[in-house]
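Colleague: To start, I am sharing the structure in question, which I have written as structure tokens.
The values are calculated or read from the model by the stated rules, or taken from the named source; none is laboratory data. No experiment lies behind these values; they were computed from the predicted model shown. Positions of Cβ are backbone-derived with ideal geometry, glycine not excepted, and every protein chain shown enters the neighbour counts.
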Amino acid sequence: MKHRALLLLLPLLAALWPLAPAVTADGAMWNATAVGEVGYLPLEDLRSFYKFMSLPPKGEGTIAIGNGAVSLVFGPDARELRINGCRFLLSHPARRDAVQGLLVSKTDMVKLIDPVLRPTYIANRRLVKTVIIDPAHGGHDTGTVTAYAREADIALLVALKLRAELTSRGYHVVLTHEDNRYLSDQQRVDCAARELNPIFLSLHLNSGRSDIRGAETYTVVPCEPDEKKPLPGNENDAANAALAAALQASLVNRAGAKDGGCRRAHYSLLSSLRCPAVMAELGYATNREEGEQLMTEAYQTKLAQALADGVDAFAAVMNPESTLKASPKPVVQEAPAPARVEPGKQQAPKAVKTTVAQGKKPAKKPAAPAKKPVVPAKKPAPQKR
Ligand SMILES: [Zn+2]
């Protein structure tokens, strides 16, 4: 009982971190080490807390821990972590200490690793019924336009397909705009504020060097444990991380996008939204191959289905009635190993099986979180602010 109570207390203890520099949890002492202004925890403490084993390194310069169902791989880039293969860019680079071994920032532990590993412990989780889809740009604001792809047009096309997909799965779906018009960030925020407990997906295309490609999912930069003035978007730091992970894993595993990782940025839209929110950069308009792929209806459909699967995976763990799992049950699952191709043999079709939705097979119907269906009885009354 005591053990379970301690696990339940973790998010609370985390919030109180500056007041509680060392917390005994599950027999392990959380030894905070300050590096500059950042608090770090030894990876060894995390391993012990989650009852993980040390795993053989997955590539040169990496450190891995986990069990049969979960793997966390740090490095070789100190900013990078992979959880069940899904790529994350850390808030603070991991550090290597001669005595304590690998150190992971407390912000990343509390605002990224734990919500992804144990999403059922997210303190303010709510049943997901309403999804707001925000096609980026519009009107005079075309977003990125290249010879290969036009951002605002593709964002809108994928948004319309995603609306159809999510509606068929029982969600109440709201588009911030469904024709080619300009909306300010404030108008998009106002749209979210009118709905009851929505989640918010803003769809974009990326731009960069012509050789860069891949999908990236952004959330607001999580606030530090001792932040005095968190932004409105920081109310949902933990849920943002879980939502981004579910969507990014699905874009990679289901749609076959290259994994550009879950990232954080100070975008004013994400900072202002008071609901779980992400910005999905579906691919690079500036990369010829990806830009041309993004313009095809087949790929747009694939992206919409992948995003809907990601929403299902997130919804399944956000239902407050879903049971707390003392042992980690990540919102992202390991992707199936690609089929081996013998030399001279034809390439097998690419495996794009979804690995989200808590390990369930992708379902046409909504992966209804626990007992209650995600189908809303009717449109929730607009929330007055
Ligand atoms: Zn954009």
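Colleague: Any idea how many residues of the stretch 234-253 are farther than 28 Å from Thr301 by Cβ and touching a Pro at 6+ places or on another chain (Cβ under 9 Å)?
Modeller: Here is the first cut: in the stretch 234-253, the ones farther than 28 Å from Thr301 by Cβ are 234-238.
Filter again for touching a Pro at 6+ places or on another chain (Cβ under 9 Å), leaving 234, 236-238.
So the count comes out to 4.
Colleague: Turning to a different aspect of this structure: Would you confirm whether or not the stretch 182-200 contains a residue that is within 16 Å of the ligand (Cβ to nearest atom), in contact (Cβ under 8 Å) with a residue 40 or more places away in the chain, closer than 16 Å to Gly310 by Cα and assigned by TED's automatic domain parsing to the domain that holds Leu160?
Modeller: Within the stretch 182-200, one or more residues are within 16 Å of the ligand (Cβ to nearest atom), in contact (Cβ under 8 Å) with a residue 40 or more places away in the chain, closer than 16 Å to Gly310 by Cα and assigned by TED's automatic domain parsing to the domain that holds Leu160.
Colleague: A further question on this structure: Residue by residue through the stretch 272-328, note down the ones that are outside any helix (DSSP H, G or I) and of a type in the set (Gly, Ala, Ser).
Modeller: If we filter the stretch 272-328 for residues that are outside any helix (DSSP H, G or I), which is where we start, we get 273-287, 295-296, 319-328.
Listed by number, the residues that qualify are Ala277, Ala280, Gly283, Ala285, Ser322, Ala326, Ser327.
Colleague: Just to verify a result, which residue in the stretch 272-296, among those that are within 16 Å of the ligand (Cβ to nearest atom) and small (Gly, Ala, Ser), is surrounded by the most Cβ atoms within 10 Å (Cβ to Cβ)?
Modeller: Among residues in the stretch 272-296 that are within 16 Å of the ligand (Cβ to nearest atom) and small (Gly, Ala, Ser), the one surrounded by the most Cβ atoms within 10 Å (Cβ to Cβ) is Ala277.
Colleague: Restrict the check to the stretch 243-256 and report whether at least one residue is buried (at least 24 other Cβ atoms within 10 Å of the Cβ) and in a strand (DSSP E or B).
Modeller: No, every residue in the stretch 243-256 fails to be buried (at least 24 other Cβ atoms within 10 Å of the Cβ) and in a strand (DSSP E or B).
Colleague: May I ask you to verify whether Ala123 is within 16 Å of the ligand (Cβ to nearest atom), within 25 Å of Ala316 (Cβ to Cβ), aliphatic (A, V, I, L, M) and not in a strand (DSSP E or B)? Talk me through it step by step, then tell me what you get.
Modeller: Values: within 16 Å of the ligand (Cβ to nearest atom): no; within 25 Å of Ala316 (Cβ to Cβ): yes; aliphatic (A, V, I, L, M): yes; not in a strand (DSSP E or B): yes.
So Ala123 fails the test.
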